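Just so you know, all these numbers are worked out from the coordinates, no wet-lab data involved. If you're wondering where the values come from, they're calculated on a predicted model, not measured in any experiment. So basically every Cβ, Gly included, is an ideal-geometry build from the backbone, and we count neighbours across all protein chains shown.
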Amino acid sequence: MGLTVRGRTALVTGASSGIGAATAAELSSLGCRVVLVGRDEQRLAEVAERTGGEPVPADLTYPTGLDRAAAAAREVDLLVHSAGIGWAGDLSAMPPERIEALTAVNLTAPMLLTRAALPDLRRRCGHVVFVASIAVVGVPGEAVYSATKAGLRAFGASLRNRDGIGVTTVFPGAVRTPFFAGRRYDRRFPRMVSPQEVAAALVRGVERDAEEVFVPKWLIAPARLQGLLPGTFHRLARRFG
C-alpha cells in the first residue's frame, strides 16, 4: 500500500529548481507540507513562497549541509532525493574534483541522508524516493553520472521492503531543467519531458507504492532490454542514438 501525501510532511532535496521544485509544487498542491532543501537561497525562497514550504539552504556536497538537511528530515513522512549534478564529455577530460562532486551529491548524500532519517521513517511508516535517470543503462559521455544513478537504483532496491518503509526509484529521460543549460540536446530518443511530468509521475508512484517509475513510460523497454541483453541493447543504441 502506498503513502497518501495529503496531510503528510515531505522533505525534497534539490528543491530550488528542476524536478525538485516541480515535485515540491505538486506535493503542496495535494495538501502536503513541504520542507525544501537546496543550494540556491534566492530560488529556494521563491519556491517556498509559491508552495508555502519551509526553506532549508544547504549544500549537500559538504558535511555541514548534510547535517542541516538531516536535522530537517526529522518527523517527515516522505523523503525525496532530487538533488543532482551532471557532467558530459570525454572521461579523460573530466577533472578529478568533478568526479568527487558528482559522487558526493548524486550518491553519497542520498545514502547518508536516508541513513539519518531512517529511524523516524520506520516509526512513521514513511517513504523514500530516489530520482535516478534512464542513464543507468550507460550513456556515452556521461560515465560517472550514469554510475552514480545506477548506484542509487541498487541502493533503493536494497532498502525496499526490508526496513519497514516504502521505496520508489524514478527514472526520467531527458528533462528540461538547468542540467541541460548551455548544452545542445541532439539525441533522437528519448524526447525531452517537463519537470512537471516527472513530478506528477513521482507522486503517483509514491501513492501506488511503485518500485520503479519511468518517465516517459516507454523507457521501461530499453531499460529491461539492457538488463536482459546488454550486447543487443548497446548495438541498437549506437545505431539509433
Can you give me the relative contact order of region 9-240 as a percent, contacts being Cα pairs under 8 Å and 6 or more apart?
18
5 Å is the cut-off here: which amide hydrogens, built 1.01 Å from N in the peptide plane, fall below it relative to VAL139, excluding neighbours closer than 5 in sequence?
SER146
Candidate span helices, the chain: DSSP H, at least 30 Å along axis from Cα coords, Kyte-Doolittle average at least 0.0, result none
So how far apart, in nm, are the two label points at SER29 and MET111 if each is 7 Å from Cα heading toward Cβ?
3.6
Name the long-range amide H neighbours of VAL56: under 5 Å, sequence gap of 5 or more, or other chain; modelled H, no Pro or chain starts.
LEU36, VAL37, GLY38
Label-point gap, in nm, between ALA45 and SER158 - each point 7 angstrom along Cα→Cβ
4.0
For percent of Cα pairs over 32 Å apart, the choices are [x] 15; [y] 32; [z] 23; which was calculated from the structure?
[x]
With a cut-off of 16 Å, note down the residues of region 150-170 whose backbone N falls inside the zone around a label point 7 Å from the Cα of CYS125 toward its beta carbon.
161-167
Starting from the amide H of TRP87, placed 1.01 Å from N in the peptide plane, find each other amide H under 5 Å away whose residue is 5 or more places distant or on another chain.
TYR145
Explain nothing, just compute: Karplus ³J(HN,Hα) = 6.51 cos²θ - 1.76 cosθ + 1.60, θ = phi - 60°, for every residue of region 130-136 in order, whole Hz, x for Gly and Pro.
10, 8, 8, 5, 5, 4, 4
With n ≥ 4 as the cut-off for DSSP H runs, can you work out [θ] at 222 nm for the chain, using -39500 (n - 2.57) per run divided by the number of residues, rounded to the nearest 500?
-13500 deg cm²/dmol
Whole-Hz ³J(HN,Hα) from phi, Karplus 6.51 cos²θ - 1.76 cosθ + 1.60, for region 32-37, glycine and proline x:
9, 6, 10, 10, 10, 10
